[in-house]
1. If you take the beta carbon distance between residue A:54 and residue A:224 as r and set R0 to 35 Å, what does 1/(1 + (r/R0)^6) give as a FRET efficiency, to the nearest 0.05?
2. Give the Kirkwood hydrodynamic radius (Å, one decimal) of segment A:309-397, defined as one over the mean of 1/r across all pairs of different Cα atoms.
3. I want the local charge near residue A:228. Using Cβ-Cβ distances under 14 Å, sum +1 for each Lys or Arg and -1 for each Asp or Glu among the other residues.
4. Quickly rank A:308-315, A:178-185, A:259-266 as a protection proxy: mean count of other C-beta atoms within 10 Å, highest first.
5. Could you let me know the centre-to-centre spacing of segment A:292-368 and segment A:63-93, using Cα atoms, in angstrom?
6. State, to one decimal in nm, how far the label point of residue B:274 lies from the label point of residue A:338, with both points 7 Å from Cα in the Cβ direction.
7. Starting from the 7 Å offset along Cα-to-Cβ, what nm value, one decimal, do you get for the label separation of residue B:94 and residue B:230?
8. In degrees from 0 to 90, rounded to the nearest 10, what is the angle of the helix A:350-391 Cα long axis to the longest principal axis of chain A?
Amino acid sequence: MKTVSSITLVLVAAALLFHAGPAAAQKSAECLACHADASMQDAAGHSISVDESKFHSSIHGSLECANCHTSIKSYPHPDKVTPVKCDTCHADEAAGLAGSVHSASADHPCTSCHGDAHAIFPKTDARSAVYPLNVPHTCGNCHSNEGMAQKHGLASVYPSYIDSIHGFALSKEGLLVAANCQSCHGSHKILSKRNPQSATYKTNVPQTCGTCHAGITTNYANGVHGKAVAAGKLDAPVCSDCHTAHAILQPTESAFRTQSTPICGSCHKEKFSTYRDTFHSQLGALGGYVETARCWDCHGAHDVLPASDPRSPIAPANLVKTCGRCHVGANESFVQYQPHANAHNRKLNPALYFIRLFMNLLLGSVLTFFMIHTILWLIRSRYDQVKRKSAEGEKNA
Amino acid sequence: MPDLEQEASETLHHGGKGRFFMRFTREQRALHAVLFTTFLGLAATGLPMRFSQSFWARRFASAVGGFGAIIFFHKLFAVALTLAFLVHLKAILQRGVVNREKGIFWGVTSMVANWKDVKDLVGHLRWMVGLGPKPQFERYAYWEKFDYWAVFWGMIVIGFSGYAMWFAPFFARFLPGWALNAVLVIHSEEGLLAILFIFSIHFVNTHLRPDSFPMDMVVFTGVESEEEFKHKRSQEYERLAREGKLEARVAEAPALWFTNFSKVVGFIAIFIGLTLLVLTLSAYFI
């Protein structure tokens with residue numbers, strides 16, 4: 001707090017130096033003679049009262065009113081006063097904001113995020129609207145379903161975030177280090193994810209997440225996906241392609257496990273299709289049994305490596321160990337099982353191809369023969385029955 | 001068949017319906033009951049796995065407690081059916097090999113196919129299209145023998161491939177790696193064949209065709225009327241009459257409550273089977 005106070009003093013001194021004219025600025029006490037009245041409103045009906053005690057405890061509490069409300073030199077002041085310019089003191093932040101997605105500042109004055117201008121607290125203060133635990137709610141004022149997100153055609157991210165692992169850590173555990181909006185997006189200079197300068201631009205995502213998840217980012221950088229992205233192949237996934245950006249789930253939870261394979265499958269279509277033919281997929285699809293092998297149980301998650309790399313869990317030498325994590329007793333012969341076998345590919349899987357073909361032919365021929373046999377039989381039996389009954393003088397059944 | 005003779009009741013029931021004749025022993029009827037119960041269970045739990053991406057598979061799975069519950073019941077029914085299969089195998093070997101009973105492995109009463117079955121098949125097909133007289137059948141007609149052997153072969157193939165998946169690391173000790181891929185294909189295709197065959201062809205051939213409609217009760221009650229016997233298996237009837245063994249096969253008429261109970265059970269089984277058939281076909285076309 002000592003630093004803050006000294007900065008404040010310097011600012012106050014600077015403000016006094018530049019703006020205190022010879023006619024001596026109004027003293028705050030004089031302003032509060034009127035503006036302390038809690039019911040005071042301007043012509044448009046907006047409150048223009050100031051809570052004196054709150055203001056004095058705020059970060060700007062040592063400033064005089066006129067330091068910010070510079071157009072007011074004397075009393076009585078005009079009905080219309082010029083808006084306060086925060087950038088007089090906060091030039092860096094203002095410059096960042098000017099280049100950001102929030103630059104249309106008519107919609108986004110500083111107070112949108114920092115709250116009541118007369119009750120602004122440092123971001124380390126739990127009363128601040130930008131205190132880490134308050135940030136999601138502050139951003140969510142606009143970026144939620146009912147807010148301005150719809151108006152600007154933005155995804156409603158607040159509900160996704162608040163139910164995510166980050167949101168849970170923050171809202172349920174009060175974990176200050178849990179990622180909140182500004183941990184990834186920054187604060188004043190928030191850029192669109194399409195801007196290469198943005199912290200959320202595709203190639204910058206690993207670094208952004210790596211601010212906290214340093215170990216995993218290193219693993220990722222060593223894997224095929226990380227190397228591909230680093231080489232400029234933007235089809236390869238970064239963190240958010242698999243984990244999503246806002247609705248990030250705990251990866252060991254069943255919800256994430258069940259949704260993970262189609263995510264990998266959205267790029268690895270052939271592998272996904274052959275995976276779906278296997279028992280791993282069949283039992284995984286039915287739920288309630290989340291232990292079943294998903295892509296990353298065998299391939300690894302962040303440091304995905306090709307089978308030709310001896311460090312890969314699917315390298316031939318490592319298969320017994322990898323499969324053995326679930327299949328107790330897995331041996332050399334067991335791991336010859338092909339988790340992506342294609343029974344329709346004669347070159348890759350000849351034995352399987354012919355077994356499938358034989359089974360298909362068996363199924364088709366038996367069913368076709370007996371279908372014809374049964375239909376003919378039915379027709380003939382019914383014909384005989386009707387003939388017999390009419391001969392016996394009964395009504396046709 | 002000696003055991004049939006032993007079971008034939010001496011107190012003949014001469015109701016207004018005429019005489020009844022024994023066709024299946026209590027053990028055979030029990031075997032059929034265990035077979036269709038476990039088969040329905042295996043089909044109901046196997047199909048969601050085979051068509052795991054279909055809308056009904058997931059709904060059914062979540063209703064019964066997910067994959068864990070499905071595989072548990074699949075294995076439970078599988079073990080029950082395996083035991084029934086072994087009991088049947090033991091009975092056959094006991095009668096045919098140990099007791100040296102005649103007519104088990106060969107002859108007119110055997111389940112083993114013979115030249116008459118080939119002639120019957122051709123003759124039956126000719127009769128269907130109006131090219132000849134209707135063949136007269138012995139104790140087991142050719143389609144009944146086919147049903148029996150289809151189930152017999154099916155149980156060996158599906159059972160073996162199923163246990164190979166269940167105990168994959170163990171089977172991998174003496175099976176090549178690709179066999180572990182093959183067993184799923186074999187298991188699911190053969191299972192599908194059994195399901196499609198039983199729920200469409202067996203149901204119609206044995207129960208729904210005009211001669212038996214809506215259900216042939218003989219596999220539940222064990223007995224059938226003299227008229228039915230003569231009509232369906234005239235050769236067996238005539239042979240028994242010729243050999244003077246007909247009287248030994250006369251049995252009591254089934255109790256009304258038992259017939260009604262059997263009908264309820266049978267219709268439930270047919271209803272479940274047809275439902276599963278529709279779901280299976282829907283997985284291909286929807």
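Nothing in this text is a laboratory measurement; each read-out follows from the coordinates by a stated rule. Predicted, not measured: the structure shown is a model, and the values here were computed from it. Virtual Cβ from ideal backbone geometry, glycine too; neighbours counted across all protein chains shown.
1. Working: r = 56 Å, r/R0 = 1.59.
FRET efficiency, residue A:54 to residue A:224: 0.05.
2. Computed over Cα pairs of segment A:309-397, the Kirkwood hydrodynamic radius comes out at 18.3 Å.
3. Surrounding charge for residue A:228 is 0.
4. Peptide ranking by packing, descending: A:178-185, A:259-266, A:308-315.
5. 72
6. Going from the residue B:274 label point to the residue A:338 one covers 4.3 nm.
7. 3.6
8. 70
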